[in-house]
Every structure is written in C-alpha cells, then in structure tokens.
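Trainee: Take a look at this one; I'll ask things after.
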Amino acid sequence: MPNETLEALFNEIADLLEIKGEDAFRVNSYRRVARTIKNLTEDIAEVAARGALSDLQGVGKSTAAKIEQYIKTGKIDLHEELRASIPKGLPELLNIPGMGPKKVALAWKELGVEDVAGLKKVIASGEFAALKGMGEKSVQQIAQGLAFAEKSGERTPLGLAWPLAEELAAAMRAVKSVRRVEIGGSLRRGCETIGDLDLLCESDDGPAVIQAFTKLPQVRRVLSEGDTKGSIVVERRDGVEMQADCRVVPKASFGAALQYFTGSKEHNVRLRGLAVKKKWTLNEWGLFEGDRLLAGTDEAGIYKKLGLPMMPPEVREDRGEFDADAEAFAELITLEDIRGDLHMHTHASDGTTDAHTMAEAARDLGYEYIAITDHSRSSAQANGLSLDRMWRQIEHLRKLNDKHDTVAILVGCECDILADGKLDYPDTILAACDIVVASVHQAMRQEKSKITRRVMKAMENPFVTILGHPTGRLLNRRAPMDLDLAAIIEHAARTHTVLELNASWQRLDLCDRYVRMARDAGVMLSIDTDAHSTAQLTQMRYGITTARRGWLRAKDVLNTMPLAAMRRWIARKRKHA
Ligand code: DGT
Ligand code: CA
Ligand code: CA
Ligand code: ZN
C-alpha cells in the first residue's frame with residue numbers, strides 16, 4: 001500500500017480543518033502524522049499488521065484507528081465528512097503558491113470563492129486585495145503563483161518518474177523475446193521533470209512485445225497499440241497518471257534508436273546537421289551513406305563516425321557540448337565519487353530516526369562521513385533546537401562520533417538565515433559545530449535586492465560552510481526566491497562558501513543551469529540529500545544526474561574529498577573568524 005496516498009490524505013485533512021478554522025493544535029497534529037508516514041521506511045500496512053501503529057511518532061489511539069480504517073476500506077470518515085462540508089474546488093486552491101489555508105478560508109467565507117475560476121475573478125476585480133488582511137502585494141504574488149502552477153503542473157518530478165520507469169523496464173526485461181531494454185527520453189538525460197517515459201526494447205517480434213507492454217499489471221489505460229510501438233497510461237505512486245511509450249527495435253538499429261529517442265530534440269537537430277554536412281543521413285534507424293549503414297548498433301559508434309566523443313545523455317541539450325572536448329565528459333562526477341552526505345536531519349528536529357541509525361545507513365552506502373544538521377530554533381514548525389538543546393546535541397554527537405569508528409559523524413546544524421540576514425544561532429554555537437548549513441526558510445518573498453543582500457550577509461559569516469537549497473524552490477509547488485544568482489555565485493567564490501545542490505527530488509536546488517554557472521565561476525558545490533530518514537539518503541542519485549547536467553566534475557564537489565582534505569577546506573574560511 002502506498003504510504004504517499006495516506007500521507008497526502010492526512011495533509012488534506014489538516015488543510016481542510018484549517019480552512020474550516022479549527023485550532024492550530026489539532027491541525028498540526030495531523031500534519032505531524034503525515035510527516036511521520038512520509039518518512040517511514042516501511043509499508044504502513046506492515047506496521048499496522050504488527051500492531052505497532054501507536055508506536056509511531058504523533059500517532060495516538062484515534063489516529064491509529066483512522067489508519068486502520070484506511071487500510072481496510074481505502075477511506076477515512078473524517079476526511080469524507082470534511083470533503084462533504086467544503087466546496088469541491090476549494091482544496092485545489094491550496095496548491096497555488098502563496099495561497100495558504102487561511103487565505104483560502106478568507107476568499108471562501110468573505111467572497112464566496114469556490115474554485116480556481118472564482119479566485120481569478122475576485123483577483124481581477126480587486127475584491128480580493130480589498131479584503132482585510134490581504135493587500136495588493138500578497139494578491140499579486142498569488143496571481144503570479146497561479147500562472148506558475150498552470151505552467152508547471154503537468155510534468156512529473158524525476159524522483160517519481162525514475163522508480164516507475166525502472167519498474168516498467170524490469171517488467172519488460174522479463175518478457176520472452178526481449179533481449180535488451182533501455183529507458184530513453186528526458187529521464188535518461190536526468191531532467192528534473194519528465195513529460196512521459198520512453199522505453200526501448202530490442203526484439204525481432206514487435207507485436208508480441210507491444211502486446212506484453214499493454215498488458216502489464218501497471219497499465220491503467222492503453223492509448224495506442226501498433227506493431228512496433230505502444231503507449232499506455234500508468235499510475236505514479238501518488239496516484240497521478242503518467243504516460244509511457246514503448247518502441248521495439250531490431251539489434252542493428254538499437255543504438256541509433258536509443259540515440260534518437262534520448263534526445264534532446266535540440267541536440268539531435270545539431271547532430272543531424274553534422275551528418276548532412278558530410279552528405280550522410282541520420283535517423284532512428286542508423287547513420288547512412290546512401291543505403292549503406294555506417295553506424296547504428298551502438299550510440300558510441302554514431303558519435304565516433306561523426307568525429308565526436310561519446311556524449312553522456314545528461315549533456316545532450318545543445319548547451320555547448322558540440323564545442324567541448326572529450327575530457328570534459330570523461331571527468332563528469334558519478335555516484336561512486338561521493339564520500340559522504342553533509343545535510344541531514346534526525347528526530348532531534350523533524351527527522352524520523354537518530355544519528356546513530358543515520359550513520360549506520362551511511363556506512364551501508366559506503367560513505368566515509370556524514371554531517372548531522374538539524375534545524376535551528378526559529379524553524380519552530382520543524383521542531384528546531386533551542387540554544388540549550390543545541391548545546392546538548394553538540395555534546396551528544398561528539399560522544400557518538402567517538403564511539404563510531406566506521407563513519408565519521410560531523411557535528412552540524414542547518415541554521416536559519418533570519419529576515420535581516422542575521423543567523424539564528426550565535427557564533428559560539430556555530431564555532432562549536434564542524435560544519436554549518438545556512439538556509440532561508442522564512443520571509444522568502446522579499447524583493448530581489450533585499451533578499452540577495454540578506455543571503456550575501458549570511459555567507460560572510462566565517463562559520464557558514466554551505467548555503468543550503470539556495471533558491472528555496474519546490475518543484476511544481478513553489479517558485480524560487482527572487483535571488484540575484486549571478487551575485488550569489490560571485491559572492492560564494494569570494495567568501496569561500498559552498499553552494500548546495502540539494503538532491504531531494506522535490507528541490508533539486510541549485511538547478512542544472514545554476515550549477516553550471518557556479519562551476520564556471522570556480523565555486524565549490526556540495527551534493528546533499530537533506531534526508532529526514534535513512535531511505536532518503538539514496539536520493540543522492542537525483543543530485544548526481546543534476547550535477548552531471550551542470551557539467552560538474554568530482555573536483556568541484558566538496559563531499560568527494562577525503563575527510564581530512566574536506567576539513568582543511570572548511571577550516572580555511574574559519575581562520576578569518
Ligand atoms: P519529455 O517527455 O517532454 O520530458 O521530453 P522528451 O525529451 O522525453 O521528449 P519526447 O518524449 O517527446 O521524445 C523523446 C525523444 O525523441 C526526444 O528527446 C527526441 C526524440 N524526438 C521526438 N520527437 C522528435 C522530433 O520531432 N524531432 C527530433 N529530432 N527528435 C524527436
Ligand atoms: Ca519523454
Ligand atoms: Ca515520448
Ligand atoms: Zn532546509
């Protein structure tokens with residue numbers, strides 16, 4: 001059973017209660033349950049089967065009963081009741097950046113807004129801005145959010161698409177007469193969001209393969225079914241639909257087909273242009289001189305024949321790859337280069353487990369070190385640590401590290417950058433940490449010059465090692481802060497501050513373009529998962545594909561260094577304290 005569905009359900013209960021004006025305590029208790037479920041490493045049904053539901057953080061008797069009911073019936077009474085008492089189109093408004101439950105309630109109760117169309121009307125008429133507690137500026141932000149959500153709502157984040165594609169590919173590999181399966185398209189290029197999945201199967205029996213494809217247990221609907229291609233609709237683990245295409249190709253043209261269907265379209269146009277210059281043709285069947293096949297069984301052969309180095313899928317975007325030399329591609333970072341993870345949470349703040357368990361999981365991944373970076377005091381919604389608790393955490397982690405001999409546990413924190421650019425902890429605490437991730441979690445809509453200066457000020461603190469998730473965006477959900485990234489990148493180089501590539505698939509922040517800018521400016525990056533559970537440590541691979549899209553090499557990334565070298569790198573900035 002998908003934990004994600006239940007997580008979404010509890011979050012929706014919290015949203016609906018908040019819209020109805022329930023007290024914050026009750027609302028937050030449901031949010032806490034949702035978070036617990038989200039971070040669970042085990043199927044919730046298994047937890048229930050063991051009778052261990054009420055052992056979960058924030059789950060009391062009545063919540064346990066609700067979870068049981070959901071497992072048995074697929075429904076929760078409270079949720080059904082709430083849904084029935086609120087207009088159907090109202091919860092959707094919560095997905096619009098800037099529209100929290102309080103504002104939704106205001107629009108509903110004061111102006112009778114019941115859906116997106118209604119909201120647009122009262123924004124256009126100025127009624128919404130005229131309400132007490134709203135104002136021009138916040139309404140303008142919501143209007144922008146509305147446009148943003150409409151533009152980006154349809155595509156699937158990489159973190160949801162990748163496991164699904166692997167599942168389909170594995171199923172197709174098991175089909176008789178299929179010799180080879182590869183995933184192509186934007187997923188192979190490691191894009192942050194995916195339109196549809198593209199599978200390529202090598203076989204001589206097209207119709208049989210397509211039949212098997214359209215009969216997979218994952219299929220919800222069949223869109224088309226031919227002799228060599230088929231399209232189906234499958235379900236993401238959050239219940240949303242997604243399209244998957246499959247093409248069947250003979251061995252002789254498998255490489256050409258893989259090259260063609262990996263794209264990008266822009267890259268392919270350039271490649272075909274190079275073929276044409278030599279009076280050849282390039283298509284999904286191969287590279288031809290007249291009728292004679294020059295290359296086609298493997299991708300590398302095609303690039304070679306055209307006088308090019310083999311290009312990794314992640315760089316095929318027509319962003320300068322045709323002018324680069326082979327070395328640039330051979331040096332790209334891989335997952336094996338990573339020696340540790342420098343941003344993660346434990347149950348001291350909003351994570352689900354303790355530092356010892358995180359360290360064990362890191363050891364299983366082959367890491368040399370991790371940093372435990374729980375939230376600071378101002379992040380109350382994430383159970384941030386007070387000064388007192390932070391001092392005790394530092395002591396606790398030091399002791400733990402002394403006992404642990406396989407993985408080094410660095411003492412850290414994720415320190416809020418306050419609205420005025422000051423840090424949430426005094427320097428005494430920051431100095432007692434080995435590593436400090438500084439992040440913006442509040443007042444994210446300040447205007448450009450103000451928020452840029454604010455972040456730059458925080459970077460100047462000698463104890464700030466890493467700027468965490470620099471733009472604060474959430475894919476498809478929250479637009480990035482209005483930062484002057486060119487200025488931030490320059491400042492990072494000047495202040496010896498690391499920029500994070502947050503590998504959590506909801507963030508992927510910095511994105512590929514800014515990663516490339518930072519690299520070109522000689523800035524150091526770190527690729528961290530921001531894990532809240534042991535399972536989330538494996539999100540590293542999303543960060544790695546994004547890094548490769550930004551042309552990063554191992555030497556551009558702090559957490560590819562051996563521990564001692566990394567510590568020296570960090571110490572250099574601290575000397576100025
Ligand atoms: P997506 O699905 O929107 O995330 O992006 P892609 O890149 O996966 O695009 P998709 O699924 O439409 O097509 C897969 C690949 O097939 C694409 O990257 C390049 C190739 N392709 C598709 N249509 C064309 C075309 O009209 N011209 C060329 N040159 N290539 C195409
Ligand atoms: Ca695609
Ligand atoms: Ca496609
Ligand atoms: Zn954060």
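The values are calculated or read from the model by the stated rules, or taken from the named source; none is laboratory data. Quantities reported herein were computed from a predicted structural model and do not represent experimental measurements. Here Cβ is always computed from backbone atoms with ideal geometry, including for glycine, and neighbour counts include all displayed protein chains. Surface areas here come from the heavy atoms of the whole protein model, side chains and all, with no ligands, DNA or RNA. Shrake-Rupley method; radii C 1.70, N 1.55, O 1.52, S 1.80 Å.
Trainee: Where residues in the stretch 403-423 are touching a residue at least 40 places away in the same chain (Cβ under 8 Å) and either small (Gly, Ala, Ser) or part of a loop (DSSP other than H, G, I, E, B) (or both), which of them is most open to solvent (accessible area, probe 1.4 Å)?
Mentor: It comes out as THR406.
Trainee: Given the residues GLY185, GLY133, which is the only one that is on the phi > 0 side of the Ramachandran plot, within 16 Å of ligand 2 (Cβ to nearest atom) and either touching a strand residue (DSSP E or B) at 6+ places or on another chain (Cβ under 9 Å) or not assigned by TED's automatic domain parsing to the domain that holds HIS267 (or both)?
Mentor: The unique qualifying residue is GLY185.
Trainee: Taking the stretch 375-392 as the search range and keeping residues that are of a type in the set (S, T, N, Q) and crowded, with 16+ Cβ neighbours inside 10 Å, which one is farthest from LYS422 (Cα to Cα)?
Mentor: So, considering only residues that are of a type in the set (S, T, N, Q) and crowded, with 16+ Cβ neighbours inside 10 Å, the one farthest from LYS422 (Cα to Cα) is ASN383.
Trainee: Let me ask you something else. Considering only the stretch 355-366, state which residues are assigned to a loop (DSSP other than H, G, I, E, B) and either surrounded by 15 or more Cβ atoms within 10 Å (Cβ to Cβ) or at pLDDT below 95 (or both).
Mentor: Passing the criteria: only LEU365.
Trainee: For residues in the stretch 192-204 being out of contact with any Leu (no Cβ under 8 Å at 6 or more places or on another chain) and open to solvent by less than 70 Å² (accessible area, probe 1.4 Å), which is nearest to ligand 1 (Cβ to nearest atom)?
Mentor: Only one residue tops the list, namely GLY195.
Trainee: Do you know which of the residues in the stretch 265-286 that are buried (at least 18 other Cβ atoms within 10 Å of the Cβ) and closer than 23 Å to ASP245 by Cβ is nearest to the chain's Cα centre (by Cα)?
Mentor: Out of the qualifying residues, it is HIS267.
Trainee: Here's another thing I want to ask about it. Among GLY58, GLY89, which is the only one that is modelled with pLDDT under 90, in contact with an Asp or Glu (Cβ under 8 Å, 6 or more places away or on another chain) and in a loop (DSSP other than H, G, I, E, B)?
Mentor: Result of the check over GLY58, GLY89: GLY89.
Trainee: Another question, if that's okay. Collect the residues in the stretch 235-245 that are touching a helix residue (DSSP H, G or I) at 6+ places or on another chain (Cβ under 9 Å) and within 13 Å of ligand 3 (Cβ to nearest atom), keeping them in residue-number order.
Mentor: Selection gives MET242, ALA244, ASP245.
Trainee: Next question. Consider the stretch 335-349. How many of its residues are surrounded by fewer than 19 Cβ atoms within 10 Å (Cβ to Cβ) and either outside any loop (DSSP other than H, G, I, E, B) or not assigned by TED's automatic domain parsing to the domain that holds ALA362 (or both)?
Mentor: The total comes to 3.
Trainee: Let me ask something additional. Being closer than 29 Å to THR546 by Cβ, within 16 Å of ligand 2 (Cβ to nearest atom) and modelled with pLDDT under 90 narrows it down to one of GLU166, GLU150, GLU154, so name that one.
Mentor: On inspection, the qualifying residue turns out to be GLU154.
Trainee: Still on this model: Looking only at the stretch 171-198, filter to residues that are in contact (Cβ under 8 Å) with a residue 60 or more places away in the chain and within 10 Å of ligand 3 (Cβ to nearest atom); which one of those is nearest to THR545 (Cα to Cα)?
Mentor: SER186
Trainee: Is it the case, given these coordinates, that ALA295 is in contact with a Gly (Cβ under 7 Å, 6 or more places away or on another chain), farther than 17 Å from LEU197 by Cβ and hydrophobic (A, V, I, L, M, F, W, C)?
Mentor: yes
Trainee: For the stretch 201-221, name all the residues that are in contact with a strand residue (DSSP E or B) (Cβ under 6 Å, 6 or more places away or on another chain) and within 19 Å of ALA170 (Cα to Cα).
Mentor: Once the filter is applied, which keeps residues that are in contact with a strand residue (DSSP E or B) (Cβ under 6 Å, 6 or more places away or on another chain) and within 19 Å of ALA170 (Cα to Cα), the stretch 201-221 yields CYS201, GLU202, SER203, GLY206, VAL209, ILE210, PHE213, THR214, GLN218, VAL219, ARG220.
Trainee: Within the stretch 226-257, how many residues turn out to be more than 14 Å from ARG155 (Cα to Cα), open to solvent by 50 Å² or more (accessible area, probe 1.4 Å) and aliphatic (A, V, I, L, M)?
Mentor: 1
Trainee: With the requirement that a residue be aliphatic (A, V, I, L, M) and without any contact (Cβ under 8 Å) to a residue 24 or more places away in the chain, what does the stretch 28-49 give you?
Mentor: Answer for the stretch 28-49, where residues must be aliphatic (A, V, I, L, M) and without any contact (Cβ under 8 Å) to a residue 24 or more places away in the chain: VAL47, ALA48, ALA49.
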